[in-house]
């Protein structure tokens, strides 16, 4: 036997061939695969055919990925068959599948708003959507005019959307810190680009994207630094491994590292940096500064998608981190999260009162909601996990629906997002105003809407988890928040319409479907939430 | 399974609301008739409930119980005691009159062309009234705390639109200022009540945490909690119980409204049309005082006893303060609102006197106050619609021009000041007697309220109805047929219940005994000097 073969054989003994569970990874693979195909479409299909091909491909991919998630859940992967896949890089368990299902459905609904082409007036005889004719063209420049005249549209948004969704699917499932970081970048980068692609108010849009990118890069750096420190602490990036070191039951650390592991300073600093990175994505105070500008500047369909899906994915990752990696540190992270939750609820609700732009208002409201969800996270009980899961599902549909309504109210300059322009909308178009009122009431947590059920679930979990004071703060913040939601309703119904105010564009069935789904989910989760609560509580167990 | 009667009473107006809202824009008269028919059918169903209810039977009757949100331990649990039956009957009785009195209230909003053409005010107005009725009725029926809370909160939304969207357009300061005031009143109403409700929510969650902790499984069922407490399985810590009690009581005190949480009521009643004002004070606010009886006393007997001295004082302040401010009002509707605050003080006083006369009187008071305020306020509404002003100073000598209007107004006013022979006298007397047996000083102070009531009612009558006829009211028409149809039956009822309150007391008294036994209170024994 030659030495070469011997080396190869020996290598095979020590380096196990990766064993990939394609079945459990199917949702991710379908979405990422479709994104790659979408890029090929961009390269090879004629411009005319791209819109239809891309929307069909994206819709199909998201739907079949959702079907795969349902299939996995039915096969028991959420409970009995839950386990680690891809060499322990990902965990496919209840929370993963629940959140993946929510992300996919929300993305599908968002896709409808992405594909809407009837709202903007035709540009040179062609239907256009909310996205820039040519992303690379200088705003107001010659090449942009030429692109608009030629009727270009940016169909690249669909593969970008799919890549973002792919990253978001991995994010809550990530079971080691490196996968977490890769997933974060995979979904963040497409979002930065999407934010910059508004057709109207392009400078605002590009400013938003730049801010988002810079702050996002900053937070990624924090996250990465945290990962490095935690590696130094535990000698591994695997969640279970770190948890073992934290719990002091570790035995398998290599000798070379044994001397340096277990340094609490590394653990605490690393954990804090990691949390900072995740709280940035969640949009919790004090890492919320980007939210209003980005929400306002980004094209509204993107805002809706981002506000809903990013929050779901990021909270999923946060939950796993706190419950799987750092349960031994509960006494350390809890006070910090208390502070963050209270600050988020208070700041979000109070600052929102002074806002005059619908999108900024919803941005601050999302900060307050991040605080409410954190109240459930802090509970540190199984009921806490399932309440957060339920809240995320309920909240994301309300958000997508609300932003879809925002796209409808338009004047000559595009969407009319200044609140003063919404005056009297209830008289002009009672249906649209009533639908928006339903979403606002759900945000405010009025009974019989999903917002109330969700809020009740997280507050109940928090109260049982010994965070009664947090519940009181949450309730007071809800009262403040109710004030500005109600103010918008007052404006829509009790103010007289202004002459020359915005009109409500008649959308195609796409946006109508998106809004209808939003309203339906909001009401069903408010009136008959039992099935979904069961689903969330069955899904509330993390695999290690 | 027997016919779910209680569900039917609540669902009928809810369905009616949807049907009314769906009537096409051109058929708005049909919408009015539909709403009236639905409210009458509800009245019939409520009457069936009242007849099927056996005063000597179980505490909660006609019960229905289904699991709703098992995760939270929430059940769809309905059941009525005598107090609830009386209040459901009151609600079902008043709504047809409210609808009839508000027959033309939304008309002025119709017919605006242009961008407003899709706005259907008439359908909206009547649908909202029916929606409020449905939610009020179900909150009287709910014996599950969570179920009650949901409708207690949800009824704010239709009420808010009724105040803000269909308010009075006869404000004293011009159209724009009136619109601003109206919007302000609606928002104030909503925020006060929402804040109260959210604080209650914290207490509701706390209650769940306590039951989950001690019974192993969280529950919101009033009966289950009361039984567990009486069996000694559930013991709340003193402080916990007091905090939870305060959370609940705060919400009910805002709703009732009790001084110093009352300030939304004059705005809300002043700026809404008379029928909506009746809906607020005679129907919706009763949920607050009713809930004090059912939930505060039932769930937290110890804390209720602890808080009684403070609440009695607050109630006395309400009585006197409301009456004094009523005397000082220049706006007729705000006057009625402050009078109501004074009356709610009596109701709360009766409840927390913790005697059978006091609580029985308070329950009767709720019903009688509903009817008498409805009479007074609806006639005030008719008066204002004729002259287009809410200010007392703009009237004078109406009784010479419109004698029937003035006469019925006087009857309504006399009922408000509790003239013997009219229904409110009975209840006010009972409340005072009930209070006096336990808190003699409070009884004496409360009696002052009656004197002040005479002042504000009679001065109002004198300024508006007597004296020389002002030129603006010279051509004022007397009550029309529709208006008489509204007023006459209610006045008849006031007189009937004034001389023969037995049917009502028969239903109410056993329920009051149950409530008193919840708080383990008995009437103080009359002291007799020992014979020598």
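Throughout, read-outs are computed from the coordinates displayed, never taken from laboratory work. The structure presented is a predicted model; accordingly, all values stated were derived computationally and were not measured. When we count neighbours, we look across all protein chains shown, and the Cβ atoms used for this are built from the backbone with ideal geometry, even at glycine.
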Rounded to the nearest 500, what is the 222 nm mean residue ellipticity of chain A from helices alone, with -39500 (n - 2.57) per DSSP H run of 4+ residues and division by all residues? -22500 deg cm²/dmol
What list of whole percents do you get for P(r) of segment B:47-111, with Cα-Cα distances grouped in 5 Å bins up to the one holding the largest distance? 4, 14, 16, 13, 12, 12, 10, 8, 7, 3, 1
With N residues in chain A, what two-decimal value do you get for its Cα radius of gyration over 2.2 N^0.38 Å? 0.98
Value of D in µm² per second that Stokes-Einstein yields for segment B:246-308, Kirkwood Rh from Cα pairs, at 25 °C (0.890 mPa s): 199 µm²/s
What angle, in degrees between 0 and 90 and rounded to the nearest 10, separates the Cα long axis of helix B:156-165 from the longest principal axis of the Cα atoms of chain B? 10 degrees
Order B:510-520, A:91-101 from most to least packed using the mean count of other Cβ atoms within 10 Å. A:91-101, B:510-520
Rounded tilt (10° steps) of B:121-141 against the dominant C-alpha axis of chain B: 20 degrees
Would you mind giving the average projected area, over all directions, of the Cα convex hull of segment B:306-352 in nm² with one decimal? 2.8 nm²
With a 10 Å radius around each residue's Cβ, average the other Cβ atoms per peptide and rank A:167-173, A:107-113, A:221-227, highest first. A:167-173, A:107-113, A:221-227
So what's the convex hull volume per residue for the Cα atoms of the protein assembly as shown, in Å³? 192 Å³
How many nm separate the modelled label positions at residue B:239 and residue B:25, each set 7 Å beyond the Cα in the direction of the Cβ? 6.1 nm
Taking r as the C-beta separation of residue A:127 and residue A:87 and R0 as 35 Å, the FRET efficiency to the nearest 0.05 is 0.15
Rounded to a whole number, what is D in µm²/s for segment A:360-483 from Stokes-Einstein with the Kirkwood radius over alpha-carbon pairs (25 °C, 0.890 mPa s)? 161 µm²/s
Checking a compactness column here: for segment A:128-281, what do you get for Rg(Cα) / (2.2 N^0.38 Å), N being the number of residues? 1.40
All-pairs alpha carbon distance profile, segment B:224-278, 10 Å steps from 0, percent: 21, 30, 22, 16, 11, 0
Cα-based Rg/(2.2 N^0.38 Å) for segment B:20-164, rounded to two decimals, is 1.21
P(r) of segment B:369-472 in 5 Å steps, Cα pairs, percent per bin? 2, 12, 20, 21, 15, 11, 8, 6, 3, 1, 0
To the nearest µm²/s, what D does Stokes-Einstein give for segment A:74-126 at 4 °C and 1.567 mPa s, using the Kirkwood radius over alpha carbon pairs as Rh? 93 µm²/s
Segment B:246-272 and segment A:263-284: distance between their alpha carbon centers, rounded to Å: 46 Å
According to the Kirkwood expression over distinct Cα-Cα pairs, how big is the hydrodynamic radius of segment A:366-425, in Å? 13.7 Å
Computed, not fitted: 222 nm per-residue ellipticity of chain B from DSSP H runs ≥ 4 (each -39500 (n - 2.57)), nearest 500, equal to -23500 deg cm²/dmol
Placing one equal point scatterer on each C-alpha of segment B:19-77 and summing with Debye, one gets log10 I(q)/I(0) at q = 0.13, 0.19 Å⁻¹ equal to -0.65, -0.81
Taking all pairs of distinct Cα atoms, average 1/r, flip it, and tell me the Kirkwood hydrodynamic radius of segment B:425-532 in Å to one decimal place. 18.6 Å
Using a Förster distance of 41 angstrom, determine the FRET efficiency expected from the C-beta separation of residue A:508 and residue B:108, and round it to 0.05. 0.60
Peptide B:66-75, shielding by other chains (average Cβ, 10 Å cutoff): 4
Helix A:382-406 versus the longest principal axis of chain A: what angle, 0 to 90°, nearest 10, using Cα atoms? 30 degrees
For chain B, the convex hull over Cα atoms projects on average to an area in nm² of 26.3 nm²
In nm, spacing of pseudo-spin labels at residue B:330 and residue B:313 (7 Å Cα→C-beta vector): 3.5 nm
What spacing in nm lies between the two simple spin-label points modelled at residue A:418 and residue B:459, each 7 Å away from Cα in the Cβ direction? 4.9 nm
Restricting things to Cα coordinates, could you compute the convex hull volume per residue of segment A:429-535 in Å³? 110 Å³
Compute the projected area of the convex hull of the Cα atoms of segment A:39-78, averaged over all viewing directions, and report it in nm² to one decimal place. 3.1 nm²
So residue B:478 and residue B:51, fully extended at 0.36 nm per residue minus their Cα-Cα distance, gain in nm 149.9 nm
Taking only C-alpha pairs under 8 Å that are 6+ residues apart, what is the relative contact order of chain B in percent? 15 percent
